[in-house]
Every structure is written in C-alpha cells, then in structure tokens.
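This report concerns only the one structure given below.
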Amino acid sequence: MSAQKTVLEENSLFQKSQKTGLEYVLRLDPDRLLAPCRIAAGKRPKAATYGGWESMQIQGHSLGHYMSALSAFVNSTGNAQAKEKLDYVVSELKEIQCADGYIGGVPSVPFDTAFTGNFEVDRFSLAKYWVPWYSVHKIYAGLIDAYTLTQNKDALEIVKKMADWAVNGTANMTEEQFQKMLTCEHGGMCKVFADLYGITKDEKYLKMAERFIHQEIVKPAMKQSDRLQGFHANTQIPKFIGLAKLYELTGKTEYRTAVEFFFDTVTKKRSYAIGGNSIGEHFGPEYQEILGRDTCETCNTYNMLELSEYIFRWNKNADAADYYETALYNHILASQEPVTGAKTYFVSTLPGFYKVYGSFENAFWCCTGTGMENPARYNRFIAKDYDGTIYINLFIPSAITTEDGWKIAIETKFPYEQSAQIKILYEGKNPRSLKIRTPLWTEDARTADGYELKSEKISAGETYSVNLPMNLHTRRTRDRSGNFSILYGPLVLAADMGKRAMPNDTVDNQLVYMNSPAQKISAITADPLTPQGWIEVLDKENLTFATKESAAENGTSYTLKPFYDIHHTRYSVYFNALNPAEDEREAKYESITVDFVEPGRQQSEVEHRFKNEATEMGYIPEVDRSYRKIMSGEGFISYRMKFDNTNKNKIVLTTYGKDAGTIKVYIDDTELSSVTLAGTDGEKLTDTQIEVPAKIIKEKAKSRRTAIMNVKLICEQSQSPRILELRVTK
Ligand SMILES: [Zn+2]
C-alpha cells in the first residue's frame, strides 16, 4: 500500500455516501461478529451471533469484511472509533486463535479432512462444508488490511500464525489433491499468501500462493482462451487478483498475460451498462447481456475495481480508468441505500424491477461484506502517483497528499458541473509531472494513453483546468436484442417507473423476490443513436431528464435520473429499440442460411476454425456488429464453412456501408470473386452476394449432402473494409 492519502471533500456526492457507509459499519456489534469464531474455538460468545449467513456454515466471513472495512475507513477518514473497534477485534482474535494458528467461524473440521488428501469436493462445498476457504480468506484479508492500512502489528503476528497453520496442514497434500481442493470456491487465498510473501519475503508464503493458483481457470487464460462461460463469476475474479499480485512479486509474464486477458474479456464482453457482470452469479455467453433480476452481483464489481488498479499500474492507460469510472458511479455508488447504508446483492437489469437491500440484522451476504468495504475505498483510484507522475483518474472532489509531501486539490462539483480545477497546494520533495485523464465520453480527442500531459514539472500555486462536457449518448448491447442504455457523461440514466405494487424491498434473503413481477417498459421508437432529439432536461441541477412522449411506442414520457439516485422505486436501465429494418433482414436470412460466421466474436470464430494473418478486430456501435479487417496488404482471414450440396449456394459478405475497398474471396484456394465496395451506403450493413458454382460444391461433397470448405478473404490494399458477417445461403 502506498503512503499516498486521498481525502474526499465534505458534503460531496461520494463523501456523503462514504459517511453513510461508515455509520453502517460503526453500528455493527463486534462481539456479535466475533461470536462464531469464539464458539468454533470452544469459548463462550460475548454476544449472540447475527442472523442469516452469520448463522449458517459460512459464518465468520463478515468479521473479515468488517476488519477490512474498518481498516480502510481508518486509512481514508482517520475515524478514531473505527480504529478502536478494529484494535478490539484484533485483540480478541489474539485470544481466540488456536494453538495451531487456526481461526474460523466454523471448527477446522473441513480443513482437517481436506488436509488428509481424502475428501469430497464440488464447486461450493469442501468436505461437506459450505466454501470454508472462502470464509476464512476474509479473516486473513481483514488482518492483513489491519496491518498494512493501520499498522496494527498484532494483526500481522496473528495472520502469520494462521498462514503457518495452512502451510503445515497442506504440507503432505500432493499437487493433484491441492488442485482438487481448489475446485471449491476459495476466495482470494492466492492473494493473501502473495500479500504475506510481499510483507515478510518468506519463501514458504510464495510457494503457498503459487499452490493456490487454480490451474483449471488460469491455464486457459494464460493461453488467451476464454472458457469462462458457465463458471461462477465471483469465484474467478479473486483468483486473478492473486495472480496480479504474484506478477508484481515475481515478474512472471504469463501471470500478467492471464490477468490482462481476463480483465479484457470480462470488461469488454461480459459486462452490463452499469459495469457489473454475471447473471444468477454466473458468466453467460460472451457479448450477451441477458436482462434479469439476479444480474450484476455487487461483490464482482468490488473485485473488478481492485483488478483495474493492477491493470492501470502496469499500462498507465485510460482503459482501466474508463471501466473504473463506469463501475464506480453506476454500480458501486448505486448499490448502497443512501440513508440506512443497506447493501444490494444483485442489481437487477430487468426493466420495471427494483433494488433489493439487505436487512441490518439478518442479511450477512457476501455483498453485505464487500458492501461494508466499498464506501471506505471510494478514494483509492481518484489520483495515482507513479514513477514521477501524478495521474488524475477521476473527477471526485478531494485532497491528495503524496508520500513525499505534494498536496493537490481536485475542486469540482462534477457531475453537477462540467469542469474541474486541479490545484497544486504544496510542493513535495521530488519533482512531478501531471497527467489528467481525458474521459471517453467527452468526445474530445485522446492521446495514445488517454491522458493529457498538463505539465512536465508542476509547482505550488498552479491551477490546471479541465473541461468535462457531458452529452446524452447511448450504449447498445452487442447481442442483437435491440437493447440500449442512456448515459449522460459517465452516468447511466435510469427511468423512474414509480412504486406501483412494490413490496418491502429490504429483506433477509436475497432471493425472495426472484419470481416477483416486473413492470413492462414501452419500446422506444425514436432513433437510439440520437437521444438529444428525444430527451429533454427537466432539472439541470439534479440531473433529471425526461423522454418525449413521441419517443415511446405507447406515448409514455419517462423521467430519467442517474442510476445512483434511484432507490425504492421500479426502474429500468435498459430500453428496447424497435428496429423493423433489422428484423426484416433477419427473417429473410433465417430460412436460407446454411452457415454463418461473426468475425471478431471468439465463439463463432473458434467453431469455424478461424485462421488469420495481420487482422484487427473491433466493434461498430452504429450497426451493433463486431468486425475483423485485414491489414498490411498481406493479411487474410479464413473460416471452415458448410455448403449445401442439394442447392445452389451463395456467399454473403456483410461489410460496413461506409467502408470502401476490395476483398478477394477464395474457396479452398480457388479465387471465386473480387468484391469492390464503394463505401456509399452510409451507417448500414452492406450485403454482397457471391454465387458459388455448383460444380465446386459437388466435387467436394461427392455424394454427401454437405461440403465443408475453407472460405478465405484476402485484401491486397493497406486495409480492407470491415467484415461484419460471412454467410453461406441456399
Ligand atoms: Zn456477493
């Protein structure tokens, strides 16, 4: 942890939420949170355990989150009560710790069984217990945070003993048995041992961290292969945080490759508009944004933000900051009830549903735990001080002090104001340059790294101004559903759909409303690409907007607010665009398509044994398509495709209407056609049909009904038109 300090400005958007979060944590009774650990250690509890998950087999996990939250609050706010409570918990744990070092909310039974090498395991149970490593991981992490963020030395001694218990316990397990044990969700066990190695430099902890690398998940990522579909999302993210820490400690590049690949695939292919991921806690197919009540588990985004910090530190590129800003404003800030500080588990993306918050006494969910920590961490990424440069990442009003004494203020009311002043208040010991992120949503030109170099050498007394022009814009999903979200600058706007037939939304069990009705939202008939034309400002100061009646199919006007301001009401963060032209095209192709490839989409390409040389991929929002284009004049793309021997066949090459150029089409190394596109079709799909001689198919298929042949596209110019679809039709 760097000694940089960032303090939020009083009464600002994030500071108010941070204060609510601190009050929530201070209301919790440490003796009640400690009770499961006392009972497991054979001691009398000083108070009754809390309800819900704290009375189930995962009990004790909240104590770890509580320690991490208190530590982070001490670090970010200096709150004395938080420090007092934290020190009390650490002193209690010192007394509770077993002679062998074990501390947990359940007895060490499941671990003792696992350590013999002869144990039962599945994804969520180990030796018949519910995720025991996951649960104790939180206690490890809490103690490490107490040491690194508040210098509590006892915490380090306790966690070292606890770590030695695990090192000794697993000493006789074979690698095969160890990996089998990792089948069951185990939280950030790799990360805590990596942290301990970082702190102590004791090799036994490094060895242990590397034993905790879960090969089943990490190996494909090292080969940049996405096998995440169907896996429990929040189980996987901490594995990559551990790996990220291990890369920093060991310099092993395969770790970094895996982490960067994972981060990219989750943020670019598996995230919703608000920056969250998962449905029913699992990763679905890539590019799908299936709307549901149980999307966007809040823990996942807590973990993705932590992972973003590593990605940023390695690349010093605004990509990580763009994601961070989206997820922080639209998921994390939006996930805490503003008065009580209650936390969400899932954040629904289903139109007309509502947020469901946890009750204070009985909802000790995973997301309640990470939810305790979130507000304490709002300050973490605002500014970063690396290698002689101060990076301003987020426009959150705050005061930053570097380790060597620079003091910088970010003064702004953003997002309620469209500019910020960066003031250099005190000079530190060593010189610094200043870089400020140019957000993507300003539509201003960006440098290669997305940061503007404001000064090579800053001095006290200087002020740097930043313009932050916010516009209404939309983000379309990439799943052809016609769904889109409306944003103002980085803020996702939600339609406030009223409270009709809303139940009490503060609950013990996160699943109680999973079959409760949602309210339908009208389709938008206006053009989703030009929201400025059909959304009006109602209240500029509170960022309230309204859609025009003429924009919706049923003539309703919807009030739009930043999603973080939506509480205790039905809402929608997704809208559906009626698109008759697209529907017609789909219908036309549906009955005649023999085979179909979507260039730039991994699953589709893998299924068609994709080969390429010198190509680039990307996404065109105007037509909601991924693409691949051929570069350098020597590149090619090829796919294995199916042809129908009972019919005449055509190849349909779909390109972007604005792109000009020539593409040569080959089948099994025979040139079939040279397609020249004028690029005059505008922001639309251009379909070019190429006849496939029956003779070619017949020769290949012989007496079979189908033939499989290589379709190869070549471009002899410096770059080809962007190729969006490739289809074989009857
Ligand atoms: Zn959770």
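At-a-glance table
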| quantity | calculated |
| --- | --- |
| Relative intensity, log₁₀ I(q)/I(0), of segment 558-601 from a Debye sum that treats every alpha carbon as a point, q = 0.31 Å⁻¹ | -1.13 |
| Rg to Rh, two decimals, where segment 1-212 supplies the alpha carbon set and Rh follows Kirkwood | 0.98 |
| Nearest-10 value in Å² for the accessible area of TRP406, using the 1.4 Å probe | 10 |
| 16 Å reach of a label modelled at ALA581, 7 Å along Cα-to-Cβ, counting backbone N of segment 457-500 | 482 |
| Cα-based reach from LYS650 at 12 Å (exclusive), listing aspartates and glutamates while leaving out same-chain residues under 8 positions away | ASP595, ASP687, GLU691 |
| Surface/4 estimate of mean projected area, convex hull on alpha-carbon atoms of segment 60-127, nm² | 5.9 |
| Accessible area of PHE610 in the full protein assembly, 1.4 Å probe (Å², nearest 10) | 60 |
| Probe 1.4 Å - accessible area at ARG27, Å² to nearest ten | 120 |
| Percent antiparallel among DSSP beta bridges (both partners in the chain, rounded to 5) | 95 |
| Which of ASP505, ASP669, ASP87 is most accessible, then next, and so on - probe 1.4 Å | ASP669, ASP87, ASP505 |
| Residue-count net charge about SER348 - beta-carbon cut-off 12 Å; Lys, Arg +1, Asp, Glu -1 | 0 |
| The chain - Kirkwood radius from inverse mean 1/r over Cα pairs (Å) | 27.8 |
| Simple spin-label estimate for ASP31 and THR593 in nanometres, 7 Å along Cα-Cβ | 6.5 |
| Span per principal axis, largest first, for the Cα atoms of segment 581-729 (Å) | 43, 36, 29 |
| For peptides 455-468, 614-627, sequence by mean Cβ density within 10 Å, most packed first | 614-627, 455-468 |
| Sum of side-chain charges, HIS568 neighbourhood, beta-carbon under 10 Å (Lys, Arg +1; Asp, Glu -1) | +1 |
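The values are calculated or read from the model by the stated rules, or taken from the named source; none is laboratory data. Computed from a prediction, not measured in an experiment: that's the story for all the values here. No Cβ is skipped: glycine too gets one built from the backbone with ideal geometry, and neighbour counts run over all protein chains shown. The area values use the complete protein model at the heavy-atom level, side chains included, leaving out ligands, DNA and RNA. Shrake-Rupley method; radii C 1.70, N 1.55, O 1.52, S 1.80 Å.
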